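**Student:** Structure incoming, see below.
The values are calculated or read from the model by the stated rules, or taken from the named source; none is laboratory data. No experiment lies behind these values; they were computed from the predicted model shown. Cβ placement follows ideal geometry from the backbone for every residue including glycine, while neighbour counts extend to all protein chains displayed. Keep in mind that these areas ignore ligands, DNA and RNA; they rest on the heavy atoms of the full protein, side chains included. Shrake-Rupley method; radii C 1.70, N 1.55, O 1.52, S 1.80 Å.
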Amino acid sequence: MGVSSGGSLTGRIMRLIYYICLGVVSFLWFEGILMFVSSSALASPSLIQRLKQPSATKVITVTPGAEIRLSISEISLPGVGEFAVFLGNTDITSQVQLVEQELIYRPSLVALPPGETPLIIYRIHNAEKWQAIANFSVQVENPLSQTTPTPPTPSTTPTPPTPSTTPTPPTPSTTPTPPTPPTTPTPPTPPTTPTPPTTPPTPNTNASALTLTPKLTVNIKSQLSESRTRDAGISQRSATFTDINFTGGLTTQYQRDKFNLQSNFTLLGTSFQPEALRFSQLQADAPQIDLSEYLIDMTWDKLQLTTGHICAGSHAFLINNHCGRGLGAKLKLSDRLDVSLHHLSSTVTVGFDNFLGIEEIDNTLTSANVGWQILANQQVNLRLETSWLDGRRLAIGNFNVGEVVDAEKSQGFGLRLVGADGTGRLRGDIGFARSTFTNPAQKDPQLAGGINIVKVEPVTKDAWYVEASYDLVKDIKLDDVRTISVNLNTRWEQLDPLFATLGASVTADRRQFQYGMTVAIAGAGIQFLHNQLEDNLADIPTILKTKTRNTSLNLNIPLQTVLNHQNHLLPTLTYNYQRVRQFGANIPTPELSSFDPTEIPDQLTTTQQIGINWNAAEWSFTYQYSDTFQDNRQLSRERADFRNLSHQLTLGWQPSQRLRLNLGYNITSAENIEQGITRFTHSPTWGISWEFQPNLTFAFNFSRNDDTDSFDRTFTRGESLETLLTWQFKPKLFNQEVPGSLFIRYGRQTTLNRDRTFDLSTDATIHIINAGFTFSF
């Protein structure tokens, strides 16, 4: 696929930009390779520029080639994909493995440099909020310091000492400032407050280092046997097969003074064609080894250039974290002024073709953002952002997303004002966007169908929001350990009818107002929220106007913390309440809309949930109760109401680190008041996990779901049984541990259906035995 042809001035300019960007990327890449060949990085790994991070809670001492192991009991680790790990100013997340109860990082081609390097783990709440949850200091021993030094030979002429080429790391501040991630996946290193060393070392202006970190994970899975009853149908594959999948990656980083060049490439491969990365798009033509994602990032002083899979935009109603392949640039002109520019694909792109993502001009999006720190003092912090967007999209769907789309085009600009007072208790966010949107039929042959159709006229519409938050009470001490905080928040927003943009997912023709309160008192949490929503803002008489009123209250009360008394008999209590009413606020003109008054919706749904949870050293118990009532108030359908009740119990017992048992039972009833029938569901579960030998674990899980009704007309039973034997091992290869696992599994799935009304019966059972082998290095 090449750049679209066309004789317009815009097309020629975009093609020129494309070839310039391609040349720049090629130059940066080969420049990094040349620097690697010519530098002495491998001989002087200690010259890597480092910043010592604040608040290191633990010092980890290792040798240059040794791995780093962290017990997750020391870290409040979130889910996979929700955390990032940085060693110094290098993102090593893709190189960290979670093995059993440990995070493991293994240096690959280049050993860790001697000296002290910070290791920080971040929790990623969203694209704009990263929180440091664990700080460590990695102390790498210098191999030369472990040998016995040779006494110097006396000389009649003293030789002056050679200045040190390794600068002393700065002393960190005691209060770390969490980083604000940029639009690229590499967040900045949190700032430090350096203290000049007593004896300033002589700086080395030619300090440089290159690291290359390959990674490969191979997964071999086999189905050894499969048997099915007649009602289970026929499998799409043979009873036995073996598949091989792999994920390969290469991470590089080159640093020299203020210049930093890093890259990350990820490949996915499979031996089974339907599991290929782009099989849903290309079917039999999908390559079985394909490029999943990549990123090349160059930073030089205050300039940052990126290409690959990047994200752009921070305006909720114009361009908001839009991700795709493309090019990006950020430049910090001063302490208060910064500029960013992005040109990337309008749809998600993978694979080796369309490498930059911008080869098809009619399927690209260009955005620019200028940020100005208006005020930054002890009284107020105020920032203004101006955004601009020009985008086009062809009638093609995103990668692996089943959707039917039209060709689209949008242009627009946005303003965003973000501020806070000096204490940080009062915060505000105001945004405005104006967008011109259209569906160019000439770019959508399937829509036109070879006939003349009416041209869609562009429409220009507005959207805005105002958001404010105030800490009415902030961390006021109730005693030595307990505090209270109260936060008030509100938000108004409106999107005009027909408002649309290619840079953000929005719902047009909507006005919303909400307010809420969050209270944290002595460890307990209380959250209240009320939301009002309506559509048909133009009050068109032939269109139904719908209003929604949503009120919710959530309580979380850990009694041990609230009462400041550590007693396992004191549980954690939870309560959730939600009231949602949706109703038609008008009666569209019957002669023009064919609406009947009995078709105007009016429904009120009320949900209450109560929970109690005990946790002790060896056991845990949880009970959850839920009651949902759907009250239909629509004319002529007042009896079409529903009530759902649910009881859920779970019990866990762990007498040792190697043995754990789980029991559960769930009972639900769904009553249809209009029909006078109730459906009952009973779902028992139980499981065991037993490491009877080191690294050898046996697991058994069983679940059943029985579904009946009060008239005894139907009966359905689904049953699942699984046994799993897993062996984890860590052999050494080239003086490096290669973690892997081997498993064998037996599974049985049973489905039984009885319908006495129509005298139907089915009984399907599937038995499967499979095995797998996984290793990574």
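**Student:** When you scan the range 753-767, how many residues do you find that are assigned to a loop (DSSP other than H, G, I, E, B) and β-branched (V, I, T)?
**Tutor:** Count: 1.
**Student:** Something else: Mind checking which residues of the range 494-522 are touching a strand residue (DSSP E or B) at 6+ places or on another chain (Cβ under 6 Å) and without any contact (Cβ under 8 Å) to a residue 40 or more places away in the chain?
**Tutor:** D509, R510, R511, Q512, F513, Q514, Y515, G516, M517, T518, V519, A520 - these are the residues of the range 494-522 that are touching a strand residue (DSSP E or B) at 6+ places or on another chain (Cβ under 6 Å) and without any contact (Cβ under 8 Å) to a residue 40 or more places away in the chain.
**Student:** Next question. Being open to solvent by 30 Å² or more (accessible area, probe 1.4 Å) and within 20 Å of R237 (Cα to Cα) is the filter here, so list the residues in the range 248-276 that pass it.
**Tutor:** S271, F272, Q273, P274, E275
**Student:** Please determine whether any residue of the range 497-506 is in a strand (DSSP E or B), within 30 Å of F317 (Cβ to Cβ) and open to solvent by 40 Å² or more (accessible area, probe 1.4 Å).
**Tutor:** At the first step, the residues of the range 497-506 found to be in a strand (DSSP E or B) are 503.
Filter once more, so that each one left must be within 30 Å of F317 (Cβ to Cβ): 503.
If we keep only those that are open to solvent by 40 Å² or more (accessible area, probe 1.4 Å) too, we end up with none.
Within the range 497-506, not a single residue is in a strand (DSSP E or B), within 30 Å of F317 (Cβ to Cβ) and open to solvent by 40 Å² or more (accessible area, probe 1.4 Å).
**Student:** Within the range 541-558, can you find the residues that are at pLDDT below 95 and surrounded by fewer than 16 Cβ atoms within 10 Å (Cβ to Cβ)?
**Tutor:** P541, T542
**Student:** Looking only at residues that are β-branched (V, I, T) and crowded, with 16+ Cβ neighbours inside 10 Å in the range 724-758, which one is farthest from Q223 (Cα to Cα)?
**Tutor:** The qualifying residue farthest from Q223 (Cα to Cα) is T751.
**Student:** What tally of residues in the range 613-625 results from selecting those that are under 26 Å from S552 (Cβ atoms) and not in a strand (DSSP E or B)?
**Tutor:** 0
**Student:** Which number in (1) part of a helix (DSSP H, G or I); (2) surrounded by 15 or more Cβ atoms within 10 Å (Cβ to Cβ); (3) among the hydrophobic types (A, V, I, L, M, F, W, C) marks the one condition that F583 misses?
**Tutor:** F583 satisfies every listed condition except (1).
**Student:** Exactly one of (1) closer than 30 Å to D462 by Cβ; (2) at pLDDT 95 or above is unmet by Y294. Its number?
**Tutor:** Going through (1) closer than 30 Å to D462 by Cβ; (2) at pLDDT 95 or above one by one, Y294 breaks only (1).
**Student:** Of everything in the range 228-244 that's in contact (Cβ under 8 Å) with a residue 60 or more places away in the chain and surrounded by 13 or more Cβ atoms within 10 Å (Cβ to Cβ), which residue is nearest to R754 (Cα to Cα)?
**Tutor:** The residue in question is D231.
**Student:** Here is a follow-up. For the range 475-494, which positions are open to solvent by less than 40 Å² (accessible area, probe 1.4 Å) and under 27 Å from the mean Cα position of the chain (by Cα)?
**Tutor:** Matches in the range 475-494: N487, T490, E493.
**Student:** Sort through S292, S314 and tell me the only one that's assigned to a strand (DSSP E or B) and either open to solvent by 70 Å² or more (accessible area, probe 1.4 Å) or under 19 Å from T217 (Cβ atoms) (or both).
**Tutor:** S292
Listed here are the residues, each with its yes/no results for (1) within 22 Å of N554 (Cβ to Cβ); (2) surrounded by 15 or more Cβ atoms within 10 Å (Cβ to Cβ).
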{"residue": "D602", "(1), (2)": "no, yes"}
{"residue": "G611", "(1), (2)": "yes, yes"}
{"residue": "D627", "(1), (2)": "yes, no"}
{"residue": "L635", "(1), (2)": "no, no"}
{"residue": "A640", "(1), (2)": "no, yes"}
{"residue": "R658", "(1), (2)": "no, no"}
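**Student:** Looking only at the range 469-499, which residues are closer than 19 Å to G414 by Cα and touching a Lys or Arg at 6+ places or on another chain (Cβ under 8 Å)?
**Tutor:** E493, Q494, L495, D496, P497, L498, F499
**Student:** Now for a different question. List every residue pair whose Cβ atoms lie under 9 Å apart, where the two residues are 6 or more positions apart in sequence or sit on different chains, the first residue falls within the range 529-549 and is at positive phi, and the second residue, located anywhere, is surrounded by fewer than 16 Cβ atoms within 10 Å (Cβ to Cβ) and assigned to a loop (DSSP other than H, G, I, E, B).
**Tutor:** Listed pairs, sorted by first residue: N536/P497; N536/A585.
**Student:** Starting from the range 595-620, keep only residues that are more than 30 Å from L570 (Cα to Cα) and polar (S, T, N, Q), then list their pairs with residues that are modelled with pLDDT of 95 or more and open to solvent by 60 Å² or more (accessible area, probe 1.4 Å) whose Cβ atoms are within a distance under 6 Å, requiring at least 6 positions of separation or different chains.
**Tutor:** Matching pairs, first to second residue: Q603/Q582.
**Student:** Among the residues of the range 677-696, write down those that are more than 21 Å from R754 (Cα to Cα) and open to solvent by 40 Å² or more (accessible area, probe 1.4 Å).
**Tutor:** T685, W686, I688, S689, W690, E691, F692, Q693, P694, N695, L696
**Student:** Mind telling me which of the residues A433, A407, A468 ends up being under 29 Å from T507 (Cβ atoms), at pLDDT 95 or above, of a type in the set (G, A, S) and crowded, with 17+ Cβ neighbours inside 10 Å?
**Tutor:** Unique residue meeting the criteria: A433.
**Student:** Shifting gears a bit: Show the residue pairs meeting these rules: Cβ distance below 7 Å; 6+ apart or different chains; first residue within the range 753-776 and within 30 Å of T714 (Cβ to Cβ); second residue hydrophobic (A, V, I, L, M, F, W, C).
**Tutor:** Close Cβ pairs (under 7 Å, with a partner that is hydrophobic (A, V, I, L, M, F, W, C)) amount to R754/F715; D763/L752; A764/A232; T765/A232; I766/A232.
**Student:** Evaluate the following for F711: is it more than 17 Å from L659 (Cα to Cα) and at pLDDT below 95?
**Tutor:** Judged against the criteria, F711 is a match.
**Student:** Could you please find all residues in the range 697-722 being β-branched (V, I, T) and either on the phi > 0 side of the Ramachandran plot or exposed (fewer than 15 other Cβ atoms within 10 Å of the Cβ) (or both)?
**Tutor:** Passing the criteria: none in range.
**Student:** With respect to the numbered conditions (1) open to solvent by 70 Å² or more (accessible area, probe 1.4 Å); (2) among the aliphatic types (A, V, I, L, M); (3) assigned to a loop (DSSP other than H, G, I, E, B), which one is the sole condition not fulfilled by L651?
**Tutor:** (3)
**Student:** If V370 meets every condition in (1) farther than 30 Å from T518 by Cα; (2) modelled with pLDDT under 95; (3) open to solvent by 30 Å² or more (accessible area, probe 1.4 Å); (4) of a type in the set (A, V, I, L, M) apart from one, which number is that one?
**Tutor:** All conditions pass for V370, except number (2).
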